[in-house]
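The values are calculated or read from the model by the stated rules, or taken from the named source; none is laboratory data. Remember, it's a predicted structure, so these values are computed and weren't measured experimentally. All Cβ positions, even for glycine, are placed from backbone atoms using ideal geometry, and neighbour counts span all protein chains on display. For the accessible areas, the whole protein counts, side chains as well, though only heavy atoms, and no ligand, DNA or RNA atoms are used. Shrake-Rupley method; radii C 1.70, N 1.55, O 1.52, S 1.80 Å.
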Amino acid sequence: MSMTQEEIQGTIRAARDSVWVVNDSLEKLTNGAEPTDEIKGNIDRNVSHLKLVVGNPEITNSGEDISDLYQAITAGEAKLAELNQ
């Protein structure tokens with residue numbers, strides 16, 4: 001069953017909560033916060049959620065601008081890789 005445009009937009013709106021969590025966590029780290037398990041977990045879980053969303057062809061082919069979702073994935077993965085060196 002395919003998603004309606006309303007469902008697609010709702011999924012993208014919900015994904016932006018994950019974008020906010022990733023960006024907020026990255027900002028905390030940039031401002032000197034310790035990379036605690038909680039912060040790393042927040043980034044990891046929300047990046048995973050965003051990957052699921054952008055992995056859905058109905059979302060990626062919807063014509064909606066989801067560049068912020070991709071940016072949060074890229075930034076979150078880069079920070080996790082840096083922290084796990």
*Restricting the search to segment 1-42, which residues are more than 29 Å from Pro57 (Cβ to Cβ) and open to solvent by less than 30 Å² (accessible area, probe 1.4 Å)?*
Leu29, Ile39
*For segment 9-32, enumerate the residues that are over 16 Å from the mean Cα position of the chain (by Cα) and touching a residue at least 40 places away in the same chain (Cβ under 8 Å).*
Leu29
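Pull up segment 65-85, narrow it to residues that are among the aliphatic types (A, V, I, L, M) and touching a residue at least 12 places away in the same chain (Cβ under 8 Å), then point me to the one that is surrounded by the most Cβ atoms within 10 Å (Cβ to Cβ).
Looking only at segment 65-85, we keep the residues that are among the aliphatic types (A, V, I, L, M), and these are 66, 69, 72-73, 75, 78, 80-81, 83.
After this cut, where a residue has to be touching a residue at least 12 places away in the same chain (Cβ under 8 Å) as well, the list is 66, 69, 72-73, 75, 80, 83.
Numbers: Ile66: 20, Leu69: 23, Ala72: 25, Ile73: 21, Ala75: 17, Leu80: 14, Leu83: 12.
Among those that are among the aliphatic types (A, V, I, L, M) and touching a residue at least 12 places away in the same chain (Cβ under 8 Å), it is Ala72.
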*asked:* Tally up the residues in segment 44-64 that are of a type in the set (S, T, N, Q) and open to solvent by 50 Å² or more (accessible area, probe 1.4 Å), please.
replied: 3
*Residue count for segment 53-73, restricted to those that are touching a helix residue (DSSP H, G or I) at 6+ places or on another chain (Cβ under 9 Å) and assigned to a helix (DSSP H, G or I)*: 11
*List the number of the failed condition for Pro35; all other conditions in (1) in a helix (DSSP H, G or I); (2) in contact (Cβ under 8 Å) with a residue 12 or more places away in the chain hold.*
(1)
